[in-house]
1. So how many residues does segment 70-88 have that are part of a helix (DSSP H, G or I), farther than 13 Å from R126 by Cα and either touching a helix residue (DSSP H, G or I) at 6+ places or on another chain (Cβ under 9 Å) or not hydrophobic (A, V, I, L, M, F, W, C) (or both)?
2. Of all residues in segment 50-69, how many are in a strand (DSSP E or B) and open to solvent by 50 Å² or more (accessible area, probe 1.4 Å)?
3. Could you list all residues from segment 104-157 that are open to solvent by less than 50 Å² (accessible area, probe 1.4 Å), of a type in the set (D, E, K, R) and within 17 Å of the chain's Cα centre (by Cα)?
4. Answer yes if at least one residue in segment 183-193 is small (G, A, S) and open to solvent by 50 Å² or more (accessible area, probe 1.4 Å), and no otherwise.
5. What do you reckon, is V281 over 27 Å from R196 (Cβ atoms), of a type outside the set (K, R) and touching a residue at least 12 places away in the same chain (Cβ under 8 Å)?
6. Within segment 309-327, how many residues turn out to be open to solvent by less than 40 Å² (accessible area, probe 1.4 Å) and in contact with a Leu (Cβ under 6 Å, 6 or more places away or on another chain)?
7. Looking only at segment 225-259, count how many residues are out of contact with any Gly (no Cβ under 8 Å at 6 or more places or on another chain), buried (at least 19 other Cβ atoms within 10 Å of the Cβ) and among the β-branched types (V, I, T).
8. Quick one: in segment 207-237, which of the residues that are out of contact with any Leu (no Cβ under 8 Å at 6 or more places or on another chain) and among the hydroxyl-bearing types (S, T, Y) is nearest to A301 (Cα to Cα)?
Amino acid sequence: MPKLDYREAGVNIDRADEFIRRIKPLVKTTGRPEVLGGLGGFSGLFAPRLSGIPDPVLVASTDGVGTKLLVADMLGRHDTVGVDLVAMCVDDIVVLGAEPLFFLDYIACGKVDPPKLHALVKGMVRGCRQAGCALLGGETAELPGMYAPEAYDLAGFAVGIVSRKKIIDGRRCRPGDAVLGIASSGLHSNGYSLVRKVFSAREITADPALGREILKPTRIYARTLLSLMRTVPVKAMAHITGGGFLDNIPRVVPDGLGVRIRRGSWPVPRIFRVLQERGGVAEGEMFRTFNMGVGMAVVVARGDAPRALRRLASLGQRAWPIGEVVTGRREVVIA
């Protein structure tokens with residue numbers, strides 16, 4: 001009877017170990033003083049500094065990148081989707097007023113491909129540095145038979161912290177409050193199943209400008225918003241991800257209120273218009289699928305809006321007054 005080993009079954013532990021060894025110096029660049037130990041243990045250790053944070057509350061989020069990974073595979077470029085993975089988690093944390101502390105990743109693949117996985121982690125490191133959080137650890141699972149040899153999927157997990165009295169949950173929103181929109185970097189990480197219906201794989205791979213546009217990483221707003229909150233009382237924030245304007249903004253306004261968004265109050269990037277026209281997509285569907293050029297919505301008192309916009313400009317962020325809070329049934333009206 002022939003003798004089998006794990007490698008012949010499709011799992012190469014030595015190759016995975018070599019990958020971990022190669023990424024350790026990269027991951028170390030995201031370190032914070034609270035991180036204890038290094039990469040490679042069974043778990044990551046983080047000793048939070050709680051002085052100055054009365055009644056601390058931990059905030060956690062998990063997400064993935066979705067079918068944008070298929071575009072990365074088409075183009076053979078994997079260093080940007082790691083940024084997307086971090087962004088999708090940390091930007092969901094900061095909208096509650098929390099500072100992201102650390103991030104973990106899970107990579108599942110059919111076959112460990114060290115250069116490809118190194119590029120993925122390089123993107124995660126870039127994202128963590130932008131967010132100011134530590135890449136505390138992760139897991140790489142080689143799963144032959146479940147994934148094709150070249151295929152992979154990503155999941156991310158982030159934890160942040162906020163004082164209970166500083167949690168931003170929208171309860172202080174009032175009719176007349178201003179809604180500000182902060183520019184996105186492009187499509188971010190949503191709607192890619194529709195994007196791939198509009199643009200064929202041949203078009204995406206044949207047009208370098210199109211490929212670059214739709215593979216742009218998601219903007220990370222964590223440090224920008226933490227700085228803004230130190231300058232202006234922020235009442236609510238909505239990360240415009242899957243569900244677009246119509247599903248995300250209502251999540252942060254209380255019962256009895258809604259939001260009116262003014263059409264034409266910000267420049268919609270060309271990629272969205274091209275998608276709408278080529279795909280024959282209704283405008284309502286566009287606003288429910290894509291961010292339309294606004295990656296983050298921020299609610300402040302009307303009188304604080306000019307100061308908030310000045311602060312965002314000083315931080316290098318384009319932003320516009322795009323609407324207001326109104327009485328309603330937790331819905332968004334694009335008018």
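1. Of segment 70-88, the ones part of a helix (DSSP H, G or I) are 70-75, 81-88.
After this cut, where a residue has to be farther than 13 Å from R126 by Cα as well, the list is 70-75, 88.
Within this subset, residues satisfying the condition of being either touching a helix residue (DSSP H, G or I) at 6+ places or on another chain (Cβ under 9 Å) or not hydrophobic (A, V, I, L, M, F, W, C) (or both) are 70-75.
Number satisfying all stated conditions: 6.
2. Count: 5.
3. Matches in segment 104-157: D105 only.
4. Of the residues in segment 183-193, the ones small (G, A, S) are 183-186, 189, 191, 193.
Filter again for open to solvent by 50 Å² or more (accessible area, probe 1.4 Å), leaving 193.
Yes: segment 183-193 contains one or more residues that are small (G, A, S) and open to solvent by 50 Å² or more (accessible area, probe 1.4 Å).
5. Working: over 27 Å from R196 (Cβ atoms): no; of a type outside the set (K, R): yes; touching a residue at least 12 places away in the same chain (Cβ under 8 Å): yes.
It is false that V281 is over 27 Å from R196 (Cβ atoms), of a type outside the set (K, R) and touching a residue at least 12 places away in the same chain (Cβ under 8 Å).
6. Counting residues in segment 309-327 that are open to solvent by less than 40 Å² (accessible area, probe 1.4 Å) and in contact with a Leu (Cβ under 6 Å, 6 or more places away or on another chain) gives 2.
7. 3
8. T231
The values are calculated or read from the model by the stated rules, or taken from the named source; none is laboratory data. Just so it is clear, the model here is predicted, and its values are computed rather than measured. We place every Cβ from the backbone using ideal geometry, glycine too, and count neighbours over all the protein chains shown. For the accessible areas, the whole protein counts, side chains as well, though only heavy atoms, and no ligand, DNA or RNA atoms are used. Shrake-Rupley method; radii C 1.70, N 1.55, O 1.52, S 1.80 Å.
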